[in-house]
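Asks: Attaching a single structure in structure tokens format; questions to follow.
FYI, it's all coordinate maths here, none of it is from the lab. Given the structure is predicted, the values throughout are model-derived calculations rather than measurements. Glycine gets a Cβ as well: all are built from the backbone with ideal geometry, and neighbour counts include every protein chain shown.
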Amino acid sequence: MTKLLKNGSPLNGKVAVITGSARGIGKAIATELAHRGAKVVISGRNEERLRMAEVDIRQITPDVTSVCCDISTTEGGKYLSDEAIKAFGTIDILINNAGLSMRGNLADLDPAIFRTIFEANVFTAANVTIPAIRHLRNSKGSLVFISSVSGIRGLPYQSVYSAAKMSLRALAESVRIEERDSGLHVGLVYVGYTENDPGKETISADGSRIPISKRTGRGVMGQRSVAEAVVRSVEKRRFITVLSPLGKLTAFIQPLFPRLVEMVLVRNIGRFMRHSH
């Protein structure tokens, strides 16, 4: 099956950098890309977790390397780009997946959370994209931003996270026009509620980290399904991809009937205190 995927995929032999890929969706995307023959660069801040992910992906392909760095800094973003070039000579695909969510009423938030969340979701994307974009131009590759259903419509108790994910839409739209003549593909993927790894955390109103409860049941997508959809969006060079029934429904109804969406959110407000993407 793996051989068939490699032979049939336009991504065979391409170099892919995936941020926030030591676990979760990022690791699943890296794994799917490896199955399709891509050379994979994974990254994260937890060296032990990153090495374990590299060992797992190496069972699929020998063409994998891990880079431990903090891409919320400009130095970290440049280091990741430089290490990818050092390892494989080019960058064909950049998946900006790294992110961190929050939960809490805006009135109760420590203002410092704004910086924390924007650093984790927006600065990370900018810090890697800026040094990598010249390589993506040369390869006429793909630049992809992983957003959330929170980036389609602001959700209660996720105000800062929603703001950060919405800003990725503006970033993707701007770059897409700027790079219209370079052959660079820009994509934006809205991910819905997805199964999470044990130990995954979110930021509470006071800035402390709290564990996210395991997501199960109807409407929760598997990490592999999300990864397959992200990779398909790269193969087909799509601009906007919306995942999950909830995400697709929100994307369709929000522009037409925003008050209706607001009413639904108000009626289900308790759910948002229990979950955070």
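Asks: What would the Debye formula give as log10 I(q)/I(0) at q = 0.09, 0.14, 0.16, 0.17 Å⁻¹ for the alpha-carbon point model of segment 15-157, no solvent?
Replies: So the normalised log intensities work out to -0.27, -0.63, -0.80, -0.89.
Asks: Per residue of segment 11-28, what does 6.51 cos²θ - 1.76 cosθ + 1.60 with θ = phi - 60° give for ³J(HN,Hα)? Whole Hz please, x for Gly and Pro, Karplus curve as stated.
Replies: Residue by residue, segment 11-28 yields 8, 4, x, 6, 9, 10, 10, 10, 7, x, 10, 6, 7, x, 4, x, 5, 4 Hz.
Asks: Which FRET efficiency value, to the nearest 0.05, do you get for residue 82 and residue 173 by plugging their Cβ-Cβ distance into 1/(1 + (r/R0)^6) with R0 = 30 Å?
Replies: 0.60
Asks: Further, regarding this structure: For segment 221-268, what are Rg and Dmax over the alpha carbons, in angstrom?
Replies: Rg and Dmax of segment 221-268, Cα atoms, are 13.6, 39 Å.
Asks: Could I ask something else about it? Pulled fully out, how much extra length does the chain show between residue 240 and residue 197, if you take 0.36 nm times their separation in residues and subtract their Cα-Cα distance?
Replies: That works out to 12.9 nm of additional length.
Asks: Restricting everything to alpha-carbon atoms, can you work out Rg to Rh for segment 102-203 with a Kirkwood hydrodynamic radius?
Replies: Reported Rg/Rh, Kirkwood definition of Rh: 1.03.
Asks: Something else about it: Just to be sure I understand the model, the point goes 7 Å from the Cα along the line to the Cβ. What's the resulting residue 265 to residue 218 distance in nm?
Replies: 2.3
Asks: If you don't mind, another one. Under the 0.36 nm per residue contour assumption, what length would be gained going from the current alpha-carbon distance of residue 46 and residue 206 to full extension?
Replies: Full-extension gain reported as 55.2 nm.
Asks: Taking neighbour counts of Cβ atoms within 10 Å as a proxy for exposure, in what order, fewest first, do 169, 180 appear?
Replies: Arranged by neighbour count, lowest to highest, 169, 180 become 180, 169.
Asks: Also: Please go through the residue pairs 78/200; 86/140; 27/200; 165/214 and name each one whose alpha carbons sit more than 24 Å apart in this structure.
Replies: Distance filter (> 24 Å) returns 78/200.
Asks: Next up: Please build a GNM for the chain, connecting alpha carbons under 10 Å apart, and tell me which residue among 264, 40, 191 fluctuates the most.
Replies: Maximum among the listed residues: 264.
Asks: Using the Cα atoms of segment 2-274, I'd like the radius of gyration and the largest Cα-Cα distance, Dmax, both in angstrom.
Replies: According to the Cα coordinates of segment 2-274, Rg and Dmax are 18.0, 54 Å.
Asks: Please give the charge dipole size of segment 2-274, origin at the Cα centre, charges +1 on K and R Cβ atoms and -1 on D and E Cβ atoms. Round to the nearest 20 debye.
Replies: 920
Asks: Calculate for the chain the 222 nm mean residue ellipticity that helices alone would give, adding -39,500 (n - 2.57) per DSSP H run of length 4 or more and normalising by residue count, nearest 500 deg cm²/dmol.
Replies: Value at 222 nm, helices only, nearest 500: -14500 deg cm²/dmol.
Asks: If you don't mind, there's one more thing I want to ask. Two decimals is fine: what's Rg over Rh for segment 163-215, C-alpha atoms, Kirkwood radius as Rh?
Replies: Across segment 163-215, the Cα-based Rg/Rh ratio is 1.17.
Asks: Kindly state, to the nearest 0.05, the FRET efficiency for residue 252 paired with residue 228, given R0 = 30 Å and r defined as their beta-carbon distance.
Replies: So the FRET efficiency works out to roughly 0.85.
Asks: Among 60, 18, what is the fewest-to-most ranking by other Cβ atoms within 10 Å?
Replies: 60, 18
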